[in-house]
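The values are calculated or read from the model by the stated rules, or taken from the named source; none is laboratory data. No experiment lies behind these values; they were computed from the predicted model shown. All Cβ positions, glycine included, derive from the backbone under ideal geometry; neighbour counts span all protein chains shown.
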Amino acid sequence: MEIYYVLDASAFINGFKPTSQYNYTVPEITAEIKDFESRLLYDSAVDDGILIVQDVDRKYLDKTEENISKSGDVLRLSLPDKKIIALALMLIDEGKSVKVISDDYTIQNTLKIMNIPYSGIITEGIKEIYNWKKVCQGCKKEFEENYPFDDCDVCGSKIFKKRIKVNK
Ligand SMILES: [Zn+2]
């Protein structure tokens, strides 16, 4: 049986490569994908017809919120987070075999409580995983992911994010 993947924003931000033709997300996710490369990944998946942006019925959102209120994570989940979970519920209700792809611990925790299969992108066993490295355009100095400035502290040039492939 084909697996229907439900992807949250972290899936795109962390470079998820769709391997199934059934990939779903919710409209609210678009606002969370701000960085250029993740956006490109998202847009091309939509263009290629392998990512379906699907809104969820209210009743599934209500059902999700009911479950979350039991877990104590209610304040830590955003609306897009809840909708991702609700979408998974909806697809399961349609008889689909679903797996949620999210690196968000709160989402994973909620899914665990609700007995919905999930996977973090790092643990998915996908062959190609992309990471990001911050590099100065001028002197090519490399920076830690958490370096807070846009400019290089050595030469003052712009820093850009470079995609690097990590093979598993
Ligand atoms: Zn520099």
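Within the set ASP62, ASP81, ASP43, ASP8, the sole residue that is acidic (Asp, Glu) and over 19 Å from ILE121 (Cβ atoms) turns out to be ASP62. Scanning the stretch 111-124 for any residue that is at pLDDT below 90, within 16 Å of the ligand (Cβ to nearest atom) and of a type in the set (A, V, I, L, M, F, W, C) turns up nothing. Within the stretch 98-110, none of the residues are hydrophobic (A, V, I, L, M, F, W, C), in a loop (DSSP other than H, G, I, E, B) and modelled with pLDDT of 85 or more.
Screening VAL56 with (1) modelled with pLDDT under 85; (2) surrounded by 17 or more Cβ atoms within 10 Å (Cβ to Cβ); (3) assigned to a loop (DSSP other than H, G, I, E, B) gives one miss only, at (1).
Looking only at residues of the stretch 1-31 that are out of contact with any Ser or Thr (no Cβ under 8 Å at 6 or more places or on another chain) and part of a strand (DSSP E or B), we find that the one that is surrounded by the most Cβ atoms within 10 Å (Cβ to Cβ) is THR25. Regarding ASP47, is this residue over 19 Å from TYR4 (Cβ atoms), surrounded by fewer than 16 Cβ atoms within 10 Å (Cβ to Cβ) and modelled with pLDDT of 90 or more? Taking the combined requirement at face value, the residue satisfies it.
Of the conditions (1) farther than 21 Å from PHE16 by Cα; (2) surrounded by fewer than 17 Cβ atoms within 10 Å (Cβ to Cβ); (3) at pLDDT below 90, GLU94 satisfies every one except a single condition; which number is it? Unmet condition: (3).
Checked against (1) within 17 Å of PRO117 (Cα to Cα); (2) assigned to a helix (DSSP H, G or I), LEU40 passes all but condition (1). Taking the stretch 2-58 as the range and being touching a residue at least 24 places away in the same chain (Cβ under 8 Å) and on the phi > 0 side of the Ramachandran plot as the test, only GLY15 passes.
Quick one: in the stretch 129-155, of everything that is away from the ligand (no atom under 16 Å from the Cβ) and surrounded by 12 or more Cβ atoms within 10 Å (Cβ to Cβ), which residue is modelled with the highest pLDDT? By that ranking, first place goes to TRP132.
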